[in-house]
Each structure stands twice: as structure tokens, then as C-alpha cells.
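Step one of this worksheet: look at the structure below.
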Amino acid sequence: MTSTEYLVTIGLEVHVQLKTRSKMWCGCANSYGDVPNSNTCPVCLGLPGSLPVMNEEAVRKTILTGLMFGCNIPGQCKWDRKNYFYADMPKNYQISQYDLPLCLDGAVILHDLAYPKDAQKDIVDHDKKIRLTRIHLEEDVAKSFHYESTSGIDFNRAGSPLMEIVSEPDIGSPEEAFAYLTSLRQTLLYGDVSDADMEKGQMRCDVNISVRPAGQKDYNPKVELKNLNSISAVRRGLVFEIQRQIEAIEDGETLRQETRRWDDAAGITTTMRTKEMAHDYRYFPDPDLLPVHTVEIVEDVQEHLPELPHEKRDRYVKDYGVTAYDAAVLANDLPLAAYFEDAAQDAKNPKGIANWIMNDLQAALSASATPIENCPVPAGKLKDLVDLVDAGRINSKQAKEIFGIVFEKGGDPKEIVKDPKYAPVDEGEVEGFIDKVIAENPKPAEDYAAGNDKSLNFLKGQVMKLSRGKANPRKVGEIIAQKLRG
Ligand code: ZN
Ligand code: MN
């Protein structure tokens with residue numbers, strides 16, 4: 001049997017650390033990488049007698065996230081205690097939201113470029129919608145460190161705002177899971193609600209997966225995967241787990257509901273706990289916190305919605321005339337998009353600028369491992385360079401050379417072209433070259449005149465040689481065409 005005879009059902013739970021100044025229930029700084037246990041107080045340490053005060057910024061950012069994904073925001077939400085016992089949770093309960101979360105419904109749309117590069121050609125279901133169940137707000141726990149014979153715990157993270165985004169089981173493959181997380185993260189970055197870096201734990205993902213033979217109506221028990229520390233690890237973990245479940249089914253084993261841990265180095269999942277060990281969280285409303293009326297916050301946030309990725313893509317096509325693909329590549333990365341807009345804003349040829357960014361600039365950046373934020377070629381200088389090419393002042397070979405100089409050493413393209421090396425070619429001189437080439441190459445000239453377009457390149461090449469590469473090949477082609485075809 002092959003895997004095409006199996007149905008794969010995947011749902012994701014994603015925890016996202018919100019970018020707020022203070023923690024969820026106290027005034028301690030919500031920051032990453034500080035001295036351990038330096039951002040703590042009686043509230044986030046769970047000391048007796050301390051009381052929580054809600055962070056409105058966190059509520060606003062969660063509502064903003066919900067609006068960006070088209071969620072419904074109920075008029076009222078409330079806070080519940082989720083009870084469990086673990087060393088990294090000072091109060092022995094987590095303040096979370098049970099039956100009245102901040103956001104319901106909504107969806108994440110999977111754009112083609114969100115899929116892994118090697119899978120983009122196989123996309124069948126373009127712009128597939130993955131429905132969201134809910135988004136709620138809760139607090140994060142402390143972080144444990146395990147040493148040889150002791151453990152340490154850092155409460156800086158305890159009580160910081162954490163958003164939980166739960167999807168419906170609409171995801172049908174590891175590649176779709178990858179695209180879901182990539183799209184989700186992109187929108188979170190657009191909204192500036194989180195830096196959402198999985199490697200820093202700012203975005204953490206639990207995956208539920210169930211595999212069953214096509215034709216079987218009931219789902220097989222689901223397996224929850226943990227310890228997935230990057231978007232590509234989610235894909236790898238799922239590829240393994242799908243195959244493992246298929247093999248188990250084919251061997252006649254009964255699948256059980258369990259939580260499995262992904263070992264990225266070994267490339268396998270192993271059992272962490274089975275259903276018998278499942279928690280009973282005994283949720284109940286937090287008596288220390290009032291319900292939240294959301295209507296006014298929603299109205300206010302609605303007025304300040306950021307441009308969304310699909311809106312940016314559409315605008316680039318409409319305003320700058322770039323292709324849908326180019327628009328998607330440029331909008332994929334916010335700093336890159338900002339650079340493009342900076343250069344293209346008043347440019348005569350935004351399409352030409354997009355080409356330079358996507359080819360020469362990105363190649364130079366990646367070869368030197370430079371992020372676009374530190375790009376040594378200011379956006380305005382790239383625009384000047386493209387203008388010089390468009391005006392026929394330099395040809396594209398010279399432009400590449402000047403680009404290289406500006407990238408390596410800095411400088412201004414408008415100044416660099418003053419170098420005698422880039423002196424404009426005399427048009428009369430070029431015309432002389434053209435006449436000479438036509439006279440000395442009667443056969444290709446006749447062929448071209450008779451309609452053979454290929455001969456033009458040969459003639460152009462000869463003229464370029466005579467001009468020592470200085471002539472503008474496009475102009476040379478135009479003049480030859482005029483002379484031979486009239
Ligand atoms: Zn605190
Ligand atoms: Mn949670």
C-alpha cells in the first residue's frame with residue numbers, strides 16, 4: 001500500500017509570546033535575555049496575598065491578532081484558573097481562558113510562498129483556508145534549566161502574556177502545516193504583536209495528528225507531538241509520525257491516544273505519556289479578575305489595523321506594476337518590503353527596481369550574510385542606479401559593476417559614473433561602429449534584414465566589442481533594426 005490511500009488530519013495549537021512592555025498581571029518587564037530572576041515581584045512569583053491586575057496592551061494585541069485573522073470577538077470574555085502542578089508554575093494554576101475566550105473562528109490562508117520551497121510546485125489547493133477554533137490569552141510559565149545533578153529556574157518569563165491559537169483539524173499534510181505556521185507568523189510580524197521566533201521559544205507549537213485508511217469513517221486516536229522547535233522541525237516530525245502511524249496500521253497494531261516527543265537529531269518520535277496520564281485541569285473562573293467588556297477596545301483596534309500581507313501584495317501589483325510573484329517575494333519579508341517601497345516610491349521604473357532587489361541585491365546580501373536592514377546600498381542609491389540604466393547613460397554590465405562598488409565600498413552611483421571609464425559613448429561614434437559591422441558582415445546583415453532575428457545578436461555583439469562594452473546594447477539593437485529593416 002502507498003500513503004495515498006491514507007487520510008491525514010492535523011490540527012495545531014500555537015503559543016505565542018506577546019511583545020508587551022510589562023507582564024500579564026504585574027508591572028514587571030516582559031523582556032527576553034535579562035539576568036535570571038531579575039524581572040520578578042510577588043504577583044508573578046505567586047506569593048500569598050498578591051493580586052493580579054490585567055495588562056490591557058496584551059488584550060489589545062490579542063484582539064488585533066483576532067481581527068487580522070477575521071475572528072469574531074465576543075463582547076465579553078473572562079479569566080479562568082487552569083489547575084496543574086509543575087515546578088515552573090509558581091501559583092500551581094495558570095490564569096487562562098476556558099469557555100469565553102477573546103477570539104472565535106477566523107482563518108489562516110495558505111499563500112503559495114508560505115509552503116516549503118521544494119513543495120511549491122506540487123500545491124493543489126491554492127489559497128487553502130485553515131479555520132481557527134479560537135485564540136485566547138493566558139500567562140506563560142517560568143523556564144527550567146537542567147544541569148548535571150541540579151536544576152535551575154528563571155521566573156523572568158513567568159506571568160508574561162501568552163496567546164494560544166488553536167486551529168481546526170483542516171491541515172492535511174506536513175507541507176500544509178509548514179505553510180500554516182509560516183503564514184501565521186508572517187501576519188503576527190505584520191501586526192507587530194510578537195517576534196514569533198520559534199528558536200527563541202517566542203512561538204511554540206503542539207501538533208495533533210491522526211491517520212486513517214481512506215474510506216474509514218471514524219478517526220483513529222490522535223497523537224500529540226511536542227518539542228518541535230522550528231517550522232521545518234514540525235514538517236520533519238510530521239513526515240516521520242505519518243509514516244509511523246501508517247506502518248502501525250499495516251502491522252495490525254491498535255493506535256492509542258498519546259503524547260510523543262520529537263527528537264530532531266535522531267529523527268524519531270518517542271512516547272512521553274499516554275491518555276491514562278492525561279491531566280484534569282479543573283478549570284474554574286478566577287475570583288480575582290473581572291470579566292472584560294471588549295466592544296470599545298475592538299472599535300479602537302479596528303481603526304488601527306495594519307496592512308495585511310495579501311493587501312500589501314495586491315498594492316504592489318496595482319501601484320508599482322510588478323508581477324504577482326515579485327509582489328509576493330517582496331512582501332514576504334517586512335524589512336525587504338520597506339526597502340523596496342523606499343526605493344520605488346517616486347521611481348519612474350519600480351519594476352526595474354524590483355528586479356534589481358530580487359536579483360543582484362539579494363544575491364549580494366546573501367553572499368555576504370548581510371541582513372537587508374544593514375544593506376550597504378541605500379534605497380535611494382539603487383533607484384539612482386536604475387535611473388542611469390533607464391536613461392541609457394550606462395548599460396547593464398556597467399550598472400552591475402557600479403552596484404558592486406557601492407555595495408563593497410559605498411559611494412554614489414551619480415558620482416561614480418563621472419569616472420572617465422564610464423564616459424558616455426559618442427552616438428556618432430557608435431553609429432560609425434554599426435556601419436562598419438554591417439559592411440564587414442554582409443551575410444548576417446542580409447539574414448537579419450530578411451527576418452532572421454537571431455542574426456541581430458551577432459551584429460550587436462560585434463558593435464559592443466568595437467565600443468569596448470560601452471555602447472548600450474538596447475540602443476545598438478534599435479539602430480541596427482532601423483538601418484536594416486527600415
Ligand atoms: Zn511581576
Ligand atoms: Mn495554553
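The values are calculated or read from the model by the stated rules, or taken from the named source; none is laboratory data. Predicted, not measured: the structure shown is a model, and the values here were computed from it. Glycine gets a Cβ as well: all are built from the backbone with ideal geometry, and neighbour counts include every protein chain shown. Note: accessible area is taken over every heavy atom of the protein model, side chains too, but ligands, DNA and RNA are not part of it. Shrake-Rupley method; radii C 1.70, N 1.55, O 1.52, S 1.80 Å.
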### All positions within segment 227-257 that are touching a Gly at 6+ places or on another chain (Cβ under 9 Å) and farther than 14 Å from S173 by Cα
N227, L228, N229
### Query
Which of the residues that make up segment 134-151 are open to solvent by less than 20 Å² (accessible area, probe 1.4 Å) and more than 15 Å from ligand 1 (Cβ to nearest atom)?
I135, H136, L137, E138
### Query
What is the one condition in (1) of a type in the set (S, T, Y); (2) away from ligand 1 (no atom under 16 Å from the Cβ); (3) buried (at least 19 other Cβ atoms within 10 Å of the Cβ) that Y86 does not satisfy?
(3)
### Message
List the residue pairs whose Cβ atoms are under 7 Å apart, where the first residue sits in segment 138-152 and is at pLDDT 95 or above, the second is of a type in the set (V, I, T) and more than 16 Å from ligand 1 (Cβ to nearest atom), and the two are 6 or more positions apart or on different chains.
### Response
none
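Please work out if E176 is open to solvent by 10 Å² or more (accessible area, probe 1.4 Å), away from ligand 2 (no atom under 16 Å from the Cβ), closer than 17 Å to S230 by Cα and not polar (S, T, N, Q).
In short, yes.
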### Out of T9, T65, T20, sole residue that is of a type in the set (S, T, N, Q) and within 16 Å of ligand 2 (Cβ to nearest atom)
T65
### Task
Tell me which residues, restricted to segment 224-246, are of a type outside the set (S, T, N, Q) and not in a helix (DSSP H, G or I).
E224, L225, K226, L228
#### Entry: From V211, V207, residue being β-branched (V, I, T), under 23 Å from the mean Cα position of the chain (by Cα), modelled with pLDDT of 95 or more and not in a helix (DSSP H, G or I)
V207
### Query
For segment 89-111, which residues satisfy the criterion of being among the β-branched types (V, I, T) and either within 16 Å of ligand 1 (Cβ to nearest atom) or surrounded by fewer than 21 Cβ atoms within 10 Å (Cβ to Cβ) (or both)?
I95, I109
### Summary
Scanning segment 432-449 residue by residue, the ones that are farther than 14 Å from L466 by Cα, touching a Leu at 6+ places or on another chain (Cβ under 9 Å) and among the charged types (D, E, K, R) total 1
### Breaking point among (1) crowded, with 16+ Cβ neighbours inside 10 Å; (2) within 15 Å of ligand 1 (Cβ to nearest atom), for I10
(2)
### Task
Report the residue count in segment 152-177 for those that are more than 16 Å from ligand 1 (Cβ to nearest atom) and either among the hydrophobic types (A, V, I, L, M, F, W, C) or on the phi > 0 side of the Ramachandran plot (or both).
5
### Message
Can you find, within segment 62-107, the residue that is farthest from the chain's Cα centre (by Cα) among those that are within 24 Å of E299 (Cβ to Cβ) and part of a strand (DSSP E or B)?
### Response
Q76
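Can you tell me how many residues within segment 438-454 are among the hydrophobic types (A, V, I, L, M, F, W, C) and farther than 10 Å from L484 by Cβ?
1
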### Message
Against the definition (within 27 Å of E224 (Cα to Cα), touching a Lys or Arg at 6+ places or on another chain (Cβ under 7 Å), away from ligand 1 (no atom under 11 Å from the Cβ) and open to solvent by 20 Å² or more (accessible area, probe 1.4 Å)), how does L18 come out, yes or no?
### Response
no
